[in-house]
Amino acid sequence: MEVKKKDIRALTKEQLREFFVKQGDKAFRGNQVYEWLWQKSAHSFEDMTNVSLETRQMLQDNFVINHIKVDQMQRSSDGTIKNAVRLHDDLIVESVLIPTATRTTACVSSQVGCSLDCKFCATARLKRMRNLNPDEIYDQVVAIDNESRLYHNRPLSNIVFMGMGEPLMNYNNVLKAIDKITSPEGLGMSPKRIVVSTSGVPKMIKKMADDNVKFKLAVSLHSAIDEVRTSIMPFNATFPLNDLREALQYWYAATKNRITYEYVVWDGINDKRKDVDALVEFCKFAPSKVNLIEYNPIDDGEFQQANSKAIDMYVNVLEANNITVTVRRSRGKDIDAACGQLANKS
Ligand code: SAH
């Protein structure tokens, strides 16, 4: 009977070192192999040229190296690139490269599908199939770093966890991936250039504070009125705004980081003065920044971007209350790569 081989990239460096010691080899061999797997992104044991043939065969007999495969790459007229990424079990997730004049940002997925049910988001329709493993998250970043060097002549500079899935519902693996991304043995990126975006899972926001994480947090708020928020983000019934605010207060006390909110203004949903007043009230407890993001239609017409008068009202009222506000335009819409459009369509 064939024994199911283990994914070698699920092992920590320490575990790899122990494995070699058990095999009667030196612990140091574990470091060499680890370097091949993570720094040099080796796709096969044969690549590991400073390891003996015999050891490579032994590894081959015991392990597999799972890697993602970019199945399809689409390039937008604005330079945005969307990757359809095939996982070892043939499931697909998407990740996006977003170039600006000074940065290249990778927008990566944390789950296949999503367990949340935001009414305005295309990914929500896929349901959650499974969590991504740390190496599957890491590989998306490496793929985009390579594309950035190839097509934009510069390395990746920033990462946002705003692709498919709710990162705080796959917290452990997201954390492990970020460890790898920021470690000198991985990509050596600064955690300050990484943003984890969440719909707001209070317990996990507190855990992030307790874990003393160094990356940034963004909260997809969209409404500061419970009734309205529950109607567009039904899980808000389970995690109401008071709990969310309490968790964010905890986060702010621990990190002293300004809180960033993602917010779309929709016609007839949250475009009135009372909506922006509630937002101001909600933000009061800490220095805040509101990113007003453009709505990317997901084809059923139920949601429509509010008119520019409503956006101007938001900007004016927020600024008058000393809340930083930015109005962000979406990128890559022509290839369905913009926020909330990731749904494995092509
Ligand atoms: N689950 C996480 C990360 C994925 S969504 C979160 O909720 O933050 C990334 C961002 O895109 C979120 O701010 C989300 O609210 C927003 N978004 C979802 N659908 C959208 C759409 N159709 N148009 C614009 N933004 C959308």
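Within region 304-341, work out how many residues are out of contact with any Leu (no Cβ under 8 Å at 6 or more places or on another chain) and within 16 Å of the ligand (Cβ to nearest atom).
So the count comes out to 16.
Among the residues of region 7-50, count how many are among the β-branched types (Val, Ile, Thr) and buried (at least 19 other Cβ atoms within 10 Å of the Cβ). First the steps, then the outcome.
Here is the first cut: in region 7-50, the residues among the β-branched types (Val, Ile, Thr) are 8, 12, 21, 33, 49.
Cutting the leftovers down to buried (at least 19 other Cβ atoms within 10 Å of the Cβ) gives us 8, 33.
Adding up the residues that qualify gives 2.
For THR123, indicate whether it is modelled with pLDDT under 95 and in contact with a Leu (Cβ under 9 Å, 6 or more places away or on another chain). So that I can check it myself, show each step before the final result.
Values: modelled with pLDDT under 95: yes; in contact with a Leu (Cβ under 9 Å, 6 or more places away or on another chain): yes.
Criteria met by THR123.
Which ones in region 173-212 are charged (D, E, K, R) and modelled with pLDDT under 95? Steps first, answer last, please.
Our first condition is that a residue be charged (D, E, K, R); within region 173-212, this holds for 176, 179-180, 185, 192-193, 203, 206-207, 210-211.
Across region 173-212, the qualifying residues are LYS176, ASP179, LYS180, GLU185.
Kindly provide the set of residues from region 27-48 that are in a loop (DSSP other than H, G, I, E, B) and modelled with pLDDT of 95 or more, ordered by number.
Of all residues in region 27-48, those in a loop (DSSP other than H, G, I, E, B) come to 39-44, 48.
Selection gives MET48 alone.
Can you pull out every residue in region 92-120 that is within 13 Å of the ligand (Cβ to nearest atom), in a strand (DSSP E or B) and either in contact with a Pro (Cβ under 9 Å, 6 or more places away or on another chain) or polar (S, T, N, Q) (or both)?
SER95, THR105, GLN111
What number of residues in region 138-171 are more than 13 Å from the ligand (Cβ to nearest atom) and either hydrophobic (A, V, I, L, M, F, W, C) or more than 24 Å from TRP38 (Cα to Cα) (or both)? If you could, list the steps in order and put the result at the bottom.
Residues of region 138-171 more than 13 Å from the ligand (Cβ to nearest atom): 138-158.
Next cut, either hydrophobic (A, V, I, L, M, F, W, C) or more than 24 Å from TRP38 (Cα to Cα) (or both) only: 141-144, 150, 156.
Residues in region 138-171 being more than 13 Å from the ligand (Cβ to nearest atom) and either hydrophobic (A, V, I, L, M, F, W, C) or more than 24 Å from TRP38 (Cα to Cα) (or both): 6 in total.
I'd like the residue in region 172-188 that is hydrophobic (A, V, I, L, M, F, W, C) and surrounded by fewer than 22 Cβ atoms within 10 Å (Cβ to Cβ) and, out of all such residues, is farthest from the ligand (Cβ to nearest atom).
We begin by selecting, within region 172-188, every residue hydrophobic (A, V, I, L, M, F, W, C); these are 174-175, 177-178, 181, 187.
Pick out the ones that are also surrounded by fewer than 22 Cβ atoms within 10 Å (Cβ to Cβ) and you get 175, 187.
Details: LEU175: 16, LEU187: 21 Å.
Taking the candidates together, the pick is LEU187.
Return the total of residues in region 148-167 being out of contact with any Gly (no Cβ under 8 Å at 6 or more places or on another chain), surrounded by fewer than 21 Cβ atoms within 10 Å (Cβ to Cβ) and in a helix (DSSP H, G or I). Explain how you work it out, then say what you get.
Our first condition is that a residue be out of contact with any Gly (no Cβ under 8 Å at 6 or more places or on another chain); within region 148-167, this holds for 148-150, 153-163, 166-167.
After this cut, where a residue has to be surrounded by fewer than 21 Cβ atoms within 10 Å (Cβ to Cβ) as well, the list is 149-150, 153-155, 157-158, 160.
Retained after the next criterion (residues that are in a helix (DSSP H, G or I)): 149-150.
Residues flagged as out of contact with any Gly (no Cβ under 8 Å at 6 or more places or on another chain), surrounded by fewer than 21 Cβ atoms within 10 Å (Cβ to Cβ) and in a helix (DSSP H, G or I) within region 148-167 amount to 2.
The values are calculated or read from the model by the stated rules, or taken from the named source; none is laboratory data. Note that the structure is a prediction, hence the values are computed from the model and not measured. Cβ coordinates were reconstructed from backbone atoms using ideal geometry, including for glycine residues, and neighbour counts include every protein chain displayed.
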